[in-house]
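These notes concern the structure reproduced below.
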Amino acid sequence: MQTNKITSLFNIKYPLIQAGMIWASGWKLASAVSNAGGLGIIGAGSMYPEVLREHIVKCKKATSFPFAVNVPMLYPNLEEIMEIIIEEGVEIVFTSAGNPKTYTSILKEKGIKVVHVVSSVKFALKAEAAGVDAVVTEGFEAGGHNGREETTTFTLIPMVKEKLQIPLIAAGGIATGRGMLAAMILGADAVQIGSRFVASPEASSHQNFKDLVVKAQEGETQLTLKELAPVRLLKNKFFNDVMELYTTQPTKEDLIGLLGRARAKKGMFEGDLEEGELEIGQISGLINEIKPAAEIVKEIITEFQEVQKEIISF
Ligand SMILES: Cc1cc2nc3c(=O)[nH]c(=O)nc-3n(C[C@H](O)[C@H](O)[C@H](O)COP(=O)(O)O)c2cc1C
């Protein structure tokens, strides 16, 4: 593969980025993906500041290739987290769920490359104006927290591409080489893949959750809790409890009350498939096997290259 805007920006071999994911992407997954030629990301959203420092230190030991840290800006300890990132010499930061203006210039002054995750053209333009190096455009299909507008990956990529000068990384519903090629034909310079990497031994998620992701079929996830922070969940008992509460026209406080604390940890990290919150994308219906991260990267790139030849030859 030749270089493009994203491989040159991050100094990586393939324009394939493993998404930052709470309770899934620690140093083991991030370093495995970076060693395989992609860009691995440590998900800081589920880590106390000192835990994050530990993951960064271990990741630096486990790979000599670039890696990044994802910081969802809605969590507490933001200032401390950014200080650790700067102190530990992290070279690339992906921010999400917040205003890109807050930290972009501070990080860039330290020579850090900054990418912001968006789910609409409006927010992509705001991120560009804030001075980020690239944006991740995340479609409605994606696992985890998501946009309210429900814009799909297939429509979001060309709409953002038309308006933005900076590189674009597509996310949401991509798990194969064909998906990656489709996103790049639509105008993406790289892809960010989340759900596929949950089903890997290196992901820190609980085995119960990984097994359920592999079993999941089409139609078994849904975007919900829009009044709080829209999130795509696997339909389990907790999800059904949320649906039942909706039939009573709940207030925001009622929803917060049901959600409680540490639901995501309970489901994805502790493996409570009934009471926990299970975040995964629509593409889980296509994920049938737990595989080492390096194999996932290899499989995606090989399929990308083969299909590219098929298309060119017809
Ligand atoms: C289990 C899980 C946890 C996630 N946690 C985060 C997070 O902490 N920060 C973030 O910006 N996005 C998070 N996401 C979204 C991913 O970064 C990524 O954009 C998304 O998974 C891409 O869509 P896909 O799942 O269809 O590949 C999460 C996704 C999943 C599946």
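The values are calculated or read from the model by the stated rules, or taken from the named source; none is laboratory data. Because the structure is predicted, anything quoted here is derived from the model rather than measured. As a convention, Cβ positions derive from the backbone with ideal geometry for all residues, glycine included, and neighbour counts pool all protein chains shown. All accessible areas refer to the heavy atoms of the entire protein, side chains included, with ligands and DNA or RNA removed. Shrake-Rupley method; radii C 1.70, N 1.55, O 1.52, S 1.80 Å.
Taking T251, T302, T151 as the candidate residues, the one with maximal mean-square fluctuation in a Gaussian network model of the chain, Cα springs under 10 Å, is T251.
Relative contact order of the chain, taken over Cα pairs closer than 8 Å and 6 or more residues apart, is 17 percent.
Between L39 and L16, I17, Q18, the built amide H atoms are under 5 Å apart, and every one of these is 5 or more places off in sequence or on another chain. For region 174-223, GluC sites (Glu not before Pro) are listed when DSSP marks them as loop and at most 11 other Cβ atoms sit within 10 Å of their Cβ; the list is E218. By a 1.4 Å probe calculation restricted to protein chains, H145 has an accessible surface near 80 Å², given to the nearest 10.
Here region 207-283 is treated with +1 on each Lys and Arg Cβ and -1 on each Asp and Glu Cβ, and its dipole about the Cα centre works out to around 200 debye. Specify the residue with the greatest mean-square fluctuation among K291, K163, K210, computed from a Gaussian network of the chain linking alpha-carbon atoms under 10 Å apart. Comparing K291, K163, K210 in a Gaussian network model of the chain, the most mobile one is K163. Quick one: check the C-alpha center-to-center distance for region 250-287 versus region 130-171, whole angstrom. Measuring centre to centre over Cα atoms gives 24 Å.
Determine the alpha carbon to alpha carbon distance for each of K101/K266; K265/K291; K61/K298 and list only those over 26 Å. Walk me through the intermediate numbers first.
On the way: K101/K266 33 Å; K265/K291 23 Å; K61/K298 23 Å.
Pairs exceeding the cut-off: K101/K266.
Taking every alpha-carbon pair under 8 Å whose residues sit at least 6 apart, region 207-283 reaches a relative contact order of 39 percent. Sorting I193, I312 by solvent-accessible area of protein heavy atoms yields I312, I193, largest first, with a 1.4 Å probe. Considering only alpha-carbon pairs that sit under 8 angstrom and 6 or more positions apart, the relative contact order computed for region 1-122 is 19 percent. Only one residue of P292, V307, A229 has its Cα farthest out toward the positive end of the dipole of region 207-314, where Lys and Arg carry +1 and Asp and Glu -1 on Cβ, and that residue is A229. Neighbours of G143, meaning other residues whose beta-carbon lies under 9 angstrom from its beta-carbon, give a summed charge of -1 when Lys and Arg score +1 and Asp and Glu score -1.
Compactness of region 1-111 is given as radius of gyration and Dmax, 13.2, 40 Å, from Cα positions.
For R178, the solvent-accessible surface with a 1.4 Å probe is about 130 Å², rounded to the nearest 10.
Taking the protein heavy atoms of the chain in the context of the full set of protein chains, the accessible area attributed to carbon and sulfur is 52 percent at 1.4 Å. Let me know the whole percent of all Cα-Cα pairs from the chain that are separated by more than 34 Å. So the portion of pairs separated by more than 34 Å is 16 percent.
In this structure the amide hydrogen of L273, modeled in the peptide plane, comes within under 5 Å of no amide hydrogen from residues 5 or more places off or on another chain. Between Q249, I283, F239, the Cα set farthest toward the positive side of the dipole of region 207-283 (charges on each charged residue's Cβ, about the Cα centre) is that of I283.
Treating only the Cβ atoms of Lys and Arg (+1) and Asp and Glu (-1) as charged, compute the dipole magnitude of the chain about its Cα centre; round to the nearest 20 debye. Show your work: numbers first, answer last.
On the way: 32 positive and 38 negative charges, 132 e Å.
Its charge dipole is roughly 640 debye.
Show R196, R261 ordered by accessible area, largest first, where the area counts protein heavy atoms only and the probe is 1.4 Å.
Values: R196 20, R261 220 Å².
Sorted by accessible area, descending: R261, R196.
Ranking of E299, E275 by solvent-accessible surface, largest first: E299, E275 (1.4 Å probe, protein heavy atoms only, all chains present).
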